[in-house]
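Engineer: For reference, the structure I am asking about is given below.
The values are calculated or read from the model by the stated rules, or taken from the named source; none is laboratory data. Since we're looking at a predicted model, the values are computed, not measured. Using ideal geometry, Cβ is built from the backbone for each residue, glycine included, and neighbour counts are taken over all protein chains shown.
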């Protein structure tokens with residue numbers, strides 16, 4: 001049960017924590033510009049409502065979908081969240097936490113069911129329409145069903161609070177109030193229940209304890225103090241700033257995500273709330289009017305004469321009790337949080353590096369995955385089109401050859417790395433971007449996507465994890481055939497016997513041929529040159545694969561390849577000379593067959609065979625080599 005609660009809390013945290021900056025921005029604007037704020041401004045105060053009703057729930061809904069299924073899941077999650085936002089009058093944070101992940105799950109299941117049925121060339125059409133149609137259906141469902149359910153819960157909580165007050169069990173009202181606040185129903189309960197009761201009591205005796213039941217910042221302060229002292233990762237780093245917003249700005253919503261990420265903390269705020277109300281009734285505290293926003297400053301301003309000590313004591317007692325209980329829970333799970341809740345910081349704090357020499361290349365990694373757990377390896381580069389595809393193909397071939405056919409190896413652009421990737425291989429110049437895109441994964445950095453010892457590292461890890469290579473005919477995914485689709489490489493685009501030129505001229509010539517053949521727009525050529533300036537596309541064995549950087553992928557019209565042979569070679573560096581330059585413009589996966597063939601060439605062709613390829617005067621030889629595998 002405890003483990004399930006922790007997993008649930010981490011999942012909620014993954015939706016909320018990336019958006020803490022938006023909560024803080026909203027908190028500052030609210031504390032400053034609302035009529036009861038520090039510097040009231042009628043115009044700027046108009047930001048408060050739309051941000052609370054639209055911006056924050058939409059961000060949470062998008063992040064919830066993204067956690068489940070990347071950017072595509074985030075888009076559908078945001079669409080679904082719009083339905084529940086429109087369907088209610090209160091900020092729908094919890095609704096967003098429901099609809100966002102549902103959107104991610106629905107589109108993920110659709111893609112898994114349809115991926116083998118989509119005709120070639122229709123992928124983009126199906127992807128866009130499926131996301132739009134399913135997102136629209138979910139938005140309608142959220143508007144029609146989820147919104148009314150949440151509204152009913154709000155009304156029920158308000159009625160229950162009123163019943164407890166009527167029964168004279170005032171301190172126990174926090175058992176309902178604090179959980180209701182965490183569900184972002186604080187304003188509904190405060191202004192719908194306590195303000196009317198408080199106004200009536202204040203008219204009779206000059207002050208009311210009702211005004212401080214919901215607005216007491218003590219319970220939230222205790223939680224944030226516990227995170228500040230004993231938390232880890234982003235939660236600990238952001239908690240001190242949240243304290244300022246909460247305690248002095250009166251924006252209690254700022255601490256709700258910290259409780260949501262660790263649901264057991266609801267016991268801490270409930271105990272703090274009970275303590276605060278009990279202290280108020282014991283010492284006869286109270287306010288003369290509602291404290292809006294619920295800051296310590298506003299509470300002092302609304303304190304009745306002679307009630308300063310009781311009110312301060314109520315805040316302090318509530319904070320102390322909440323802090324004491326919160327500290328127990330936060331410290332108890334600190335180790336697990338360091339490993340799972342904030343993977344990037346955990347990896348940085350517990351860095352494990354490994355270095356090995358193979359052909360003069362270095363490989364470094366973080367946060368090693370146990371060999372027995374390796375199921376999904378990703379090669380990532382800027383465009384996810386050429387270098388990473390070649391590296392992935394080479395590793396996949398080696399693993400399949402040795403019988404490891406149940407390990408998935410794919411290539412992606414940085415920015416699109418799946419959230420379930422366990423190991424990510426990227427160029428050392430792209431290390432920081434790759435880590436930021438996939439903090440959950442172990443990262444291996446190389447100087448060359450093909451000439452490295454990544455396979456040796458993975459192989460040793462598998463053996464170390466007790467995973468023996470199965471027999472060559474063991475079950476698992478069969479290696480894909482490397483037959484190029486018709487039209488991707490044309491015979492007339494295989495050029496042989498070219499005179500040596502500079503690297504830049506050779507790349508430009510390949511780009512010009514791609515352009516003249518209708519594969520790319522003119523702007524793509526500059527992207528090829530920019531890619532080369534950033535990271536070399538020379539892959540070894542006398543072959544280079546120039547292709548555009550990620551920024552110019554939009555200028556790819558259709559997948560195309562050109563092969564240009566330079567018998568005397570083109571110098572890509574002092575040590576590396578390319579005899580075959582393969583210009584790539586990739587749209588979708590149509591070019592991956594040639595990448596698989598390149599992997600075979602770089603690994604298995606003999607020096608004699610390669611020399612023949614570098615000097616043949618028959619274009620058909622090269623055409624067959626690159627298209628038929």
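Engineer: Test each condition in (1) over 26 Å from the mean Cα position of the chain (by Cα); (2) under 16 Å from residue 327 (Cα atoms); (3) modelled with pLDDT under 85 for residue 270 and report the one that comes out false.
Structural biologist: (3)
Engineer: Return the residues of the stretch 284-310 that are surrounded by 19 or more Cβ atoms within 10 Å (Cβ to Cβ) and on the phi > 0 side of the Ramachandran plot; say none if nothing qualifies.
Structural biologist: Residue satisfying the conditions is 286 alone.
Engineer: Shifting gears a bit: If I go through the stretch 602-626 residue by residue, how many of them are crowded, with 16+ Cβ neighbours inside 10 Å and modelled with pLDDT of 75 or more?
Structural biologist: Residues meeting the conditions: 9.
Engineer: Every residue in the stretch 518-555 that is surrounded by fewer than 20 Cβ atoms within 10 Å (Cβ to Cβ) and touching a strand residue (DSSP E or B) at 6+ places or on another chain (Cβ under 7 Å), please.
Structural biologist: Those that are surrounded by fewer than 20 Cβ atoms within 10 Å (Cβ to Cβ) and touching a strand residue (DSSP E or B) at 6+ places or on another chain (Cβ under 7 Å): 535, 550, 555.
Engineer: Out of 551, 599, 593, which single residue is at pLDDT below 85, more than 25 Å from residue 395 (Cβ to Cβ) and outside any strand (DSSP E or B)?
Structural biologist: Unique residue meeting the criteria: 551.
Engineer: I'd like to check something: does the stretch 456-463 contain any residue that is at pLDDT 65 or above, surrounded by fewer than 16 Cβ atoms within 10 Å (Cβ to Cβ) and closer than 13 Å to residue 398 by Cα?
Structural biologist: yes
Every residue, every condition in (1) at pLDDT 85 or above; (2) surrounded by fewer than 24 Cβ atoms within 10 Å (Cβ to Cβ), yes or no:
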position: 131; (1), (2): yes, yes
position: 175; (1), (2): yes, yes
position: 195; (1), (2): no, yes
position: 214; (1), (2): yes, no
position: 232; (1), (2): no, yes
position: 242; (1), (2): yes, no
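Engineer: Somewhere in the stretch 33-54, is a residue within 18 Å of residue 139 (Cα to Cα) and surrounded by fewer than 22 Cβ atoms within 10 Å (Cβ to Cβ)?
Structural biologist: Scanning the stretch 33-54 turns up at least one residue that is within 18 Å of residue 139 (Cα to Cα) and surrounded by fewer than 22 Cβ atoms within 10 Å (Cβ to Cβ).
Engineer: When you go through 356, 346 one by one, which is the residue that is at pLDDT below 60 and over 19 Å from residue 456 (Cβ atoms)?
Structural biologist: After ruling out the rest, the residue left standing is 346.
Engineer: Name the pairs whose Cβ atoms lie under 7 Å apart, with the first residue in the stretch 515-544 and outside the structural domain of residue 580 (by TED's automatic domain parsing), the second modelled with pLDDT under 85 and part of a strand (DSSP E or B), and 6 or more positions between them or separate chains?
Structural biologist: No pair meets every condition.
Engineer: A further question follows. Restricting attention to the stretch 412-444, and to residues there that are in contact (Cβ under 8 Å) with a residue 60 or more places away in the chain and in a strand (DSSP E or B), which single residue is nearest to residue 547 (Cα to Cα)?
Structural biologist: 413
Engineer: Yes or no: residue 83 over 26 Å from residue 252 (Cβ atoms), touching a residue at least 24 places away in the same chain (Cβ under 8 Å), touching a helix residue (DSSP H, G or I) at 6+ places or on another chain (Cβ under 6 Å) and not assigned by TED's automatic domain parsing to the domain that holds residue 261?
Structural biologist: Taking the combined requirement at face value, the residue satisfies it.
Engineer: Counting residues that are closer than 20 Å to residue 177 by Cβ, which helices (runs of 4 or more DSSP H) fully inside the stretch 210-284 reach at least 3? Even if it seems obvious, please write down each step before you answer.
Structural biologist: Values: elements: 218-230, 233-243, 256-260, 266-283.
The qualifying helices (runs of 4 or more DSSP H) are 218-230, 256-260, 266-283.
Engineer: Could you run through the stretch 513-532 and say how many residues are in a helix (DSSP H, G or I) and under 38 Å from the mean Cα position of the chain (by Cα)?
Structural biologist: Number satisfying all stated conditions: 12.
Engineer: Take the stretch 533-548 and flag every residue that is under 29 Å from the mean Cα position of the chain (by Cα) and outside any loop (DSSP other than H, G, I, E, B).
Structural biologist: Passing the criteria: 534, 547.
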